[in-house]
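Reading through the C-alpha cells given below for one structure.
The values are calculated or read from the model by the stated rules, or taken from the named source; none is laboratory data. These figures come from a predicted structure and were not determined experimentally. In this analysis, Cβ positions are derived from the backbone assuming ideal geometry, glycine residues included, and neighbour counts consider all displayed protein chains.
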Amino acid sequence: MKHTTHEVDNGIADRAVLVSLVTPDVKRSGMNPEQSLDELVNLAETAGVEVLTTMTQNKESVDTKWFIGKGKVEELRAAAEELGATTAIFDQELSGAQVRNLEEALDMKIIDRTQLILDIFAQRAKTREGILQVELAQLSYLLPRLSGHGKNLSRLGGGIGTRGPGETKLETDRRHIRDRISDLKHSLEEVVRHRKLHRERRKKSGVFQVALVGYTNAGKSTLLRELTDADVYVENQLFATLDPTSRTLELPSGKEIVLTDTVGFIQNLPHDLVAAFRATLEEVNEADLVLHVVDSSSPTRNEHMVVVEEVLGQLGAAGKPTIVIYNKKDMCPPDERMTLPDGGDAMVVSAYEEADLARLKQTLQDRLAGDTRTFAIPAERGDLIALVYRTGEVKSQDVDGERLLLTVEVNKQDFEKHARTLEPFLEQPAT
Ligand SMILES: Nc1nc2c(ncn2[C@@H]2O[C@H](COP(=O)(O)OP(=O)(O)OP(=O)(O)O)[C@@H](O)[C@H]2O)c(=O)[nH]1
Ligand SMILES: [Mg+2]
C-alpha cells in the first residue's frame, strides 16, 4: 500500500463515531440505511479512520439545527467522551450550519459521507487530471459550507476533511477558495480539450471502444488486468481506481479493441464529484459498448446495479449497449448464482477463471463492428428476415431445412438497434 497520506497530519489518526439518521425520506429513497452505514464503516476504514462505534437514530424529520435530535447529540457527546473519539462522521449530507452547531456543541470534528468520500479520492488522486478534479470537487463542496469568518475548516485541525490531493492541505480561506476554483476550472478545460482530441483520434481510427463500469470493488480493474495483462492497481478496498486506464485487448480473431477501466460508483455519490469527474467519465459516453461489472456475491448487488444505472443516466450514457458482467461467481452462493442471467446481454463469470475470460473475449468479438454474423431464421419469419437485412450487408443466403441462413457483414449501430430481437437467432461464429 502506497497510500500513507492519512498519517501526515500530526501522525494522529481520526478516531470516529459513525452516525446515521433514518427518516421516512431515507426509507422512501429505496436506500437500505443499515447497508449504507456498513458501507460508511468501510469507507472510514479506507480513509484510515479508526471506527469506534456506530449510532443510529430513527426520527420523523431532520433537525434543522442539529441534524439529529438534541437528545441524540447528548448521547453522542457521552459516547465520544467515553471512547475518546476525535471525530463524528455522519452517513448523510449535513448543511454548513449543522456542521458548525455540532462542532461547537461537541468540540470535535464533524464530517459527512460526502466529505469522507472526497477525502478518499484526494488520497487516491495520482494523475494531473485526477488531482485537479478532486480538488475542484472538494472546494466546491466546502465553499458554501464555510462560515462567514472562514474558520470552519481551520478548526478541524488535520486528518480527514482537510487533506487535498497529494501532499497538499486544503485551502481554507473563502476568497482564496474562489480564486482557486476558477484556476482549477481553467486548467480542467485544458485537460478536457486534450482528452477530447485524443478520443476523437481514437474514434477516427475506428477502434471498437469498451468501457468497464460498475460499483466500487466489483472487479473492474481485475478484469482489465486479467484480460490484457495490464499492470493496474487491484485492491480489496473502495475506490482503488480513480483515473481511467485504457489498454488494448486482442480478440481471438486477432482484431484489437480498446478496453477502459473507470472509477467505481457508490450510492450517494457526491454530486460535486460526478460533476468534476465528467471529463473522465466522458470515456463511458464515447464507448461503443459498456461492460457493467457487478459483484455477484454482494448481498446488495441489486442496489448497486440501480446506483450504477442512475449515475450512467446522469452522465447521459443510459441507453448505451451494455453487457452485465456478474463477476466473482466463485464467491456467489450456488443457489444465488442459479438465478443470475447468463447469455444475451448478461454473463456470469469469475475474473480469475480462464474459461470465462475466453468466453468474454468471444462475446466482445461477436459485438465487434464490421463483423460477419450468421443468422438462422425460421423461413416463415419474414419480419425477422427483413430485420436482418437492416443490420448490414447480406453476403450469402442458404437454406437449412426450415431455416434460412443469412450471413451478414453487420453494421455495428444498425445491428445494435435490433440486437435484442435478433440475438437468439445468431449462429455461433467459427473462430
Ligand atoms: N473471488 C474473486 N475475487 C475477485 C474477482 N474479481 C475481483 N476480485 C477481487 O475483488 C477486489 C476488488 O477488485 P478490483 O478489480 O480492485 O475492483 P474495482 O471494481 O476495480 O474497484 P474500484 O477500483 O475500487 O472501483 C480485489 O480484491 C480482487 O482480487 C473474482 O472473480 N473472484
Ligand atoms: Mg479499480
Exercise. Of the residues that sit in segment 214-261 and are free of Cβ contacts under 8 Å to residues at least 12 places away in the same chain and more than 28 Å from ASN42 (Cβ to Cβ), which one is farthest from ligand 2 (Cβ to nearest atom)?
Worked result: GLY254
Seminar exercise, completed: Filtering segment 254-281 for residues that are modelled with pLDDT under 75, in contact with a Lys or Arg (Cβ under 9 Å, 6 or more places away or on another chain) and surrounded by 22 or more Cβ atoms within 10 Å (Cβ to Cβ) leaves a count of 1
Problem set entry | Counted residues, segment 75-103 - those being among the polar types (S, T, N, Q) and part of a strand (DSSP E or B) | 1
For this session: Kindly indicate the residue of segment 1-22 that is farther than 14 Å from MET55 by Cα and modelled with pLDDT of 60 or more and also surrounded by the most Cβ atoms within 10 Å (Cβ to Cβ) among those meeting that condition.
Result: ASP14
Exercise. Take the residues of segment 23-37 that are crowded, with 16+ Cβ neighbours inside 10 Å and in a helix (DSSP H, G or I): which is modelled with the lowest pLDDT?
Worked result: VAL26
Exercise. Mind checking which pairs have a first residue in segment 287-300 that is farther than 17 Å from THR222 by Cα and a second that is at pLDDT 95 or above, Cβ under 8 Å, 6 or more apart or different chains?
Worked result: LEU289/ILE323
Problem set entry | Breaking point among (1) in contact with a strand residue (DSSP E or B) (Cβ under 6 Å, 6 or more places away or on another chain); (2) within 28 Å of MET305 (Cβ to Cβ); (3) of a type outside the set (Phe, Trp, Tyr); (4) more than 16 Å from ligand 2 (Cβ to nearest atom), for PRO341 | (1)
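Mind telling me which of the residues GLU129, GLU74 ends up being surrounded by fewer than 21 Cβ atoms within 10 Å (Cβ to Cβ) and more than 22 Å from GLU34 (Cα to Cα)? Quick ask: steps written out before the conclusion?
Values: GLU129 fails: surrounded by fewer than 21 Cβ atoms within 10 Å (Cβ to Cβ).
Among GLU129, GLU74, only GLU74 is surrounded by fewer than 21 Cβ atoms within 10 Å (Cβ to Cβ) and more than 22 Å from GLU34 (Cα to Cα).
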Exercise. Given the conditions (1) assigned to a loop (DSSP other than H, G, I, E, B); (2) within 20 Å of LEU269 (Cβ to Cβ), which single one is not true for LEU340?
Worked result: (2)
Exercise. Within the set of pairs 6 or more residues apart or between chains, which connect a residue that is among the acidic types (Asp, Glu) inside segment 58-72 to a residue that is part of a loop (DSSP other than H, G, I, E, B) with Cβ atoms less than 6 Å apart?
Worked result: ASP63/GLY69
Exercise. Can you tell me which residues in segment 73-96 are out of contact with any helix residue (DSSP H, G or I) (no Cβ under 8 Å at 6 or more places or on another chain), touching a residue at least 40 places away in the same chain (Cβ under 8 Å) and among the acidic types (Asp, Glu)?
Worked result: none
Seminar exercise, completed: Among the residues of segment 362-395, the number that are of a type in the set (Lys, Arg) and touching a residue at least 60 places away in the same chain (Cβ under 8 Å) is 1
Exercise. Any chance segment 312-328 includes a residue that's within 16 Å of the chain's Cα centre (by Cα), surrounded by fewer than 21 Cβ atoms within 10 Å (Cβ to Cβ), away from ligand 2 (no atom under 16 Å from the Cβ) and within 22 Å of ASN32 (Cβ to Cβ)?
Worked result: yes
Exercise. Right, ARG175: within 28 Å of the chain's Cα centre (by Cα) and at pLDDT 80 or above or not?
Worked result: no
Seminar exercise, completed: The condition from (1) more than 16 Å from ligand 1 (Cβ to nearest atom); (2) assigned by TED's automatic domain parsing to the domain that holds VAL308; (3) out of contact with any helix residue (DSSP H, G or I) (no Cβ under 8 Å at 6 or more places or on another chain) that PRO252 misses is numbered (3)
Exercise. Could we say that THR241 is buried (at least 19 other Cβ atoms within 10 Å of the Cβ), over 25 Å from CYS332 (Cα atoms) and either within 11 Å of ligand 1 (Cβ to nearest atom) or of a type in the set (D, E, K, R) (or both) here?
Worked result: no
